[in-house]
Amino acid sequence: MSHVPAGTENDTASETALYPRPGADHDSGAVGTRSARTWAVILAACAGQFLVVLDVSVVNVALPSMRTDLGLSTTGLQWVLNAYSIAFAGFMLLGGRAADIFGRKRMFLAGLGVFTVASLAGGLAQEGWQLLAARGVQGLGAAVLAPATLTILTAAVPAGPARTRAIATWAAVGAGGGAAGGLVGGVLTDVLSWRWVLLINVPAGGLVVLAAVLWLTESRAKEARRRLDLPGAVLVTGGLAVVAYGIVQTEQSGWTAAVTLVPLLGGLLLLAAFLLVEAGTKEPLMPLRLFRVRAVSAANAGMLVTGSASFAMWFFMTVYAQNVLGYTPLEAGLALIPSSLSVVLGSKLAPLLMRRIGARHVAVVGAFVGAAGFGWQSMMTADGTFLRTILGPGILMMVGAGLAMTPLAALATASAAPGEAGLVSGLVNTSRTMGGAIGLAILSTVAAARTSHGTGPVALTEGYALAFRTGTGLLLVAAVLMFFWLPRHSDT
């Protein structure tokens, strides 16, 4: 890589817009206007990202209430989470391509509209299937919205240190959304009802729509062709959903039963068909040539593996606090506030460290810090204390997640061609969310296998502890993978 990045003039302009230099009084008015406009765009994009990531985890503490009210089974409860996550991950590539073709602002508004209406439907659901259907449509809206948020942000801030800081803000807000889910869900479930963990998106979505209409300007990739790869989107989403279903089946039937093997093999065949379609179509949803770019392939692989552990962490910490330690939903949410702040801290520290030791080393350090937290958490006991089994390990796990994800997102998006910025943004989000959905299914299966259907505090703790030990191994694998695969030098 060149030691003098291309576009240095734009980087300088971006730095000035975001952080005006003292003494530049002659153009302070113009700089102030650019700065305010830039931060308004960043705020709108981050607000959209916060909502879609929040809804991955906000329902966790409300699951017992949903089960009582709607008569959901244990498997049904998992699909309250997975219906959203899999639709989110599976259609995000399509959402990223649609943003490039039809316009980032237009897709931002369309995705947010679908997400908000589906939230209303889910909050008013009277049957379990209605809730699951609404969660799936929510995920579809999120898949259109999320790639547009990162592409809008990177379009507003030219490449360089200023964009890295903007991406860090986006990553911190996104990570904070996942982290805040427990607190927001706990407050709403305790004070109002479980329905408000979904209904709250309606006024929040309306405000973000208004901000987007006022502040965002339309942009699209000039060279992008006006065609969407719908067969590819259906195949990848169906493949992910069927694989996740097969993994969930192992809890009751084991890995060798037909009800497990058939969906697992069927899902893998669908994913293989997806790759064949992508290799043969002129305008693929996911051009396989992207993965010949080392930064893109390595960053997405790192995001997939780290996401598989980090997303599941919130689920297990929440159920441990409620099912073993006896916390109320609100108390469980409050207990995770330090972790919520820690993931934001890690995301904001990452750009400072990246300038000193490089993006690759920051991502590796983040994975090791997260692994240390997971290892500590795996020593949890049925009579654990807040300081020893929630606060300390939670801070380490989430500082590590924040440190790892910011450089990974920056490396991947910095390597994107202008016409594929939305696609690469969607790929980054897909890798993280797909990892989270598959990781939750795997770690839940691991935990259930250890408990052997036991429901006492000791049995549950043993299952959760094994899930955290498995997560430790995943993060160590991620650290090794990123150390040897991520590019050693970059312009980020």
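The values are calculated or read from the model by the stated rules, or taken from the named source; none is laboratory data. Since we're looking at a predicted model, the values are computed, not measured. Using ideal geometry, Cβ is built from the backbone for each residue, glycine included, and neighbour counts are taken over all protein chains shown. For the accessible areas, the whole protein counts, side chains as well, though only heavy atoms, and no ligand, DNA or RNA atoms are used. Shrake-Rupley method; radii C 1.70, N 1.55, O 1.52, S 1.80 Å.
Okay, here's what the table says:
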item	result
Set ALA110, ALA121, ALA98: member being without any contact (Cβ under 8 Å) to a residue 24 or more places away in the chain and either open to solvent by 10 Å² or more (accessible area, probe 1.4 Å) or over 19 Å from the mean Cα position of the chain (by Cα) (or both)	ALA121
Residues of the range 382-396 satisfying the condition of being surrounded by fewer than 22 Cβ atoms within 10 Å (Cβ to Cβ), under 13 Å from VAL324 (Cβ atoms) and touching a Pro at 6+ places or on another chain (Cβ under 9 Å)	ALA382, ASP383
Residue in the range 269-284 that is within 21 Å of the chain's Cα centre (by Cα), of a type in the set (D, E, K, R) and crowded, with 18+ Cβ neighbours inside 10 Å present	no
Yes/no for VAL319 being within 25 Å of GLY246 (Cβ to Cβ) and among the aliphatic types (A, V, I, L, M)	yes
Any pair with Cβ under 6 angstrom, 6 or more apart, that starts in the range 381-399 at a residue that is at negative phi and ends at one that is open to solvent by 60 Å² or more (accessible area, probe 1.4 Å) and assigned to a helix (DSSP H, G or I)	ALA382/PRO457; ALA382/VAL458; PRO393/TRP376
Test result for THR250, assigned to a helix (DSSP H, G or I), among the polar types (S, T, N, Q) and either in contact with an Asp or Glu (Cβ under 8 Å, 6 or more places away or on another chain) or within 18 Å of LEU81 (Cβ to Cβ) (or both)	yes
Odd one out for TRP39, checked against (1) of a type outside the set (S, T, N, Q); (2) modelled with pLDDT under 75; (3) crowded, with 23+ Cβ neighbours inside 10 Å; (4) out of contact with any Ser or Thr (no Cβ under 9 Å at 6 or more places or on another chain)	(3)
So ALA416, is it assigned to a helix (DSSP H, G or I) and either open to solvent by less than 30 Å² (accessible area, probe 1.4 Å) or at pLDDT below 85 (or both)	no
Verdict on THR381 being modelled with pLDDT of 85 or more and β-branched (Val, Ile, Thr)	yes
ALA257 vs. criteria buried (at least 19 other Cβ atoms within 10 Å of the Cβ) and either out of contact with any Phe, Trp or Tyr (no Cβ under 9 Å at 6 or more places or on another chain) or of a type in the set (A, V, I, L, M) (or both)	no
The range 56-112, residues that are aromatic (Phe, Trp, Tyr) and closer than 16 Å to GLU127 by Cα	TRP79
Condition check for MET313: open to solvent by less than 10 Å² (accessible area, probe 1.4 Å), touching a residue at least 60 places away in the same chain (Cβ under 8 Å) and within 21 Å of ILE86 (Cβ to Cβ)	yes
Count of the range 345-381 residues which are open to solvent by 50 Å² or more (accessible area, probe 1.4 Å) and either within 15 Å of VAL305 (Cβ to Cβ) or acidic (Asp, Glu) (or both)	1
Of all residues in the range 233-245 being surrounded by fewer than 23 Cβ atoms within 10 Å (Cβ to Cβ) and of a type outside the set (A, V, I, L, M), the one that is nearest to VAL144 (Cα to Cα)	GLY238
Residue ID - nearest to THR445 (Cα to Cα), chosen from residues in the range 299-337 that are of a type outside the set (S, T, N, Q) and not in a helix (DSSP H, G or I)	VAL324
Sole exception among (1) of a type outside the set (A, V, I, L, M, F, W, C); (2) more than 18 Å from MET379 (Cα to Cα); (3) surrounded by fewer than 19 Cβ atoms within 10 Å (Cβ to Cβ); (4) in contact (Cβ under 8 Å) with a residue 24 or more places away in the chain for ASN323, by number	(2)
Residue check for GLY426: in contact with a Gly (Cβ under 7 Å, 6 or more places away or on another chain), at pLDDT below 80 and assigned to a helix (DSSP H, G or I)	yes
Pair list, Cβ < 6 Å and 6+ apart or interchain, from the range 137-151 residues that are over 15 Å from ALA409 (Cβ atoms) to residues that are surrounded by fewer than 24 Cβ atoms within 10 Å (Cβ to Cβ) and not small (Gly, Ala, Ser)	GLY141/VAL114
Unique residue being of a type in the set (Gly, Ala, Ser), surrounded by fewer than 17 Cβ atoms within 10 Å (Cβ to Cβ) and either modelled with pLDDT of 65 or more or closer than 21 Å to PHE115 by Cα (or both) when the list is SER65, SER73	SER73
Yes/no for TYR84 being within 29 Å of the chain's Cα centre (by Cα) and modelled with pLDDT under 75	no
Test set (1) surrounded by fewer than 22 Cβ atoms within 10 Å (Cβ to Cβ); (2) at pLDDT 80 or above; (3) touching a Gly at 6+ places or on another chain (Cβ under 9 Å) - LEU192 fails condition number	(3)
Residue in the range 326-343 that is at pLDDT 85 or above, open to solvent by less than 20 Å² (accessible area, probe 1.4 Å) and closer than 25 Å to VAL58 by Cα present	yes
